[in-house]
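Data first, discussion second: the structure below is written as structure tokens.
Laboratory data are not the source of any read-out in this text; all were calculated from the coordinates shown. Being a predicted model, the structure only gives us computed values, none of them experimental. Note that each Cβ is placed from the backbone with ideal geometry, even for glycine, and that neighbours are counted across all protein chains shown.
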Amino acid sequence: MKSWAILLFSVLTACKSSTDVNVPVHKDPFSKLSEYRLFKGEMARLDPNDRVLPYDLNSALFTDYAHKARFVWMPEGKAAQFSENDVLDFPVGTVLVKNFFYELDERSPDKGRKIIETRLLIRKEKEWEANTYVWNDAQTEAFLEIAGESVPVSFTNLHGEQLTFKYAVPNKNQCKSCHNSGNVLIPIGPKVRNINKLYAYGEGSQNQLDKWTEMGYLEGYTPSGATPKMAVWDDPNSGNIEARAKAYLEINCGHCHTEKGPANTSGLFLTTLNTDLTRWGICKSPVAAGRGSGGRSVDIMPGHPDASILLFRMDSDDPGIMMPELGRKLIHKEAVQLIREWIAGMEEHKCGFQ
């Protein structure tokens, strides 16, 4: 009888381990996304496995109008440490998952979607590791891609416009360049001010910081009205135009344009924590001019969006001019309009002219 009990326990344990999330912390990345067991059932449904928690951001990085489905998983008994201003301090073994997809027709989501890629950030013993998986046409599997790839995309947007272009899957070095802080690879999105928001979980809406704490994924957080919260760039109810413009610039540009980022020599620091107007580019001459300036003399000319380098570079799809220089092929028209309105509303006298 005792031997049968041992056998039964072994079988149950084996069954459990074969369905748990599987993270190769001490090994090379898997060749197939399915090997991580992040999703259960039909993979394209992105139905998260146990303790794989969906999350969202107040303001998100623009990637050629792609939709994104984000998830986080941490090992049992491990938690991220609260940090008010910086990215959360995640434990070894953490996986941050970001799926990029397009609805075939944004006016009718029931017509289906196409998942292009899934990016994983895995917290290893010494540093984070970034890996990208490109989905097959059958939407049954995604495969590790180190060198990057160009994927044809065609979809109809909410305005009934058909957009057709080549979506650029980044190579491994490009991932490192965007996620670089002091020559260390780190996540970009999961800062407290960006995940401090309600999320519609299956059991009901709840603040994400509360949910993470409840699940044991976050330590050191005490709910407070003083907890920082970033504006939602495209929601006028979330903040004034300045708050929304700065939120957009932080998430799209601030990872490079910061003291520890690759663009730190520019003197342009685009994070919502920065209170120095000159560092925001107000009446600031660029460190390096050239074609990227478009013949303009300052990064932001208050009251004059068309005289501002920042807007000129956002409103370009020329690889030698556009900013950000990676992660997009298309111009983000709605964001360009937001930044245009923000600059147009500034007082002209800040640059010493009337």
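Key figures
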read-out: Quotient of C-alpha Rg and 2.2 N^0.38 Å, computed over the chain; value: 1.08
read-out: Length gained when the stretch Gln337-Asn240 is fully extended (0.36 nm per residue, less Cα-Cα span); value: 33.5 nm
read-out: Distant alpha-carbon pairs in region 76-149 (separation over 15 angstrom), percent; value: 66 percent
read-out: Chain lengthening between Ser205 and Ser224 when straightened (0.36 nm per residue, less Cα-Cα); value: 5.0 nm
read-out: Amide H within-cut-off set for Arg279, under 5 Å, with H built and near neighbours excluded; value: none
read-out: Span from the region 234-258 Cα centroid across to the region 198-228 one, whole angstrom; value: 22 Å
read-out: FRET efficiency for Asn85 and Asp306, using Cβ-Cβ distance with R0 set to 35 Å, rounded to 0.05; value: 0.55
read-out: Eligible lysines near Lys197 by straight Cα distance, threshold 20 Å, same-chain separation 8 or greater; value: Lys68, Lys98, Lys211, Lys229, Lys246
read-out: Taking the chain and dividing mean pair separation by its residue count, relative contact order in percent (alpha carbons under 8 Å, at least six apart); value: 13 percent
read-out: Computed E for Leu330/Glu127 - FRET, C-beta separation, R0 35 angstrom, nearest 0.05; value: 0.65
read-out: Mean separation of Cα contacts under 8 Å, 6 or more apart, over the residue count of region 20-90: relative contact order %; value: 20 percent
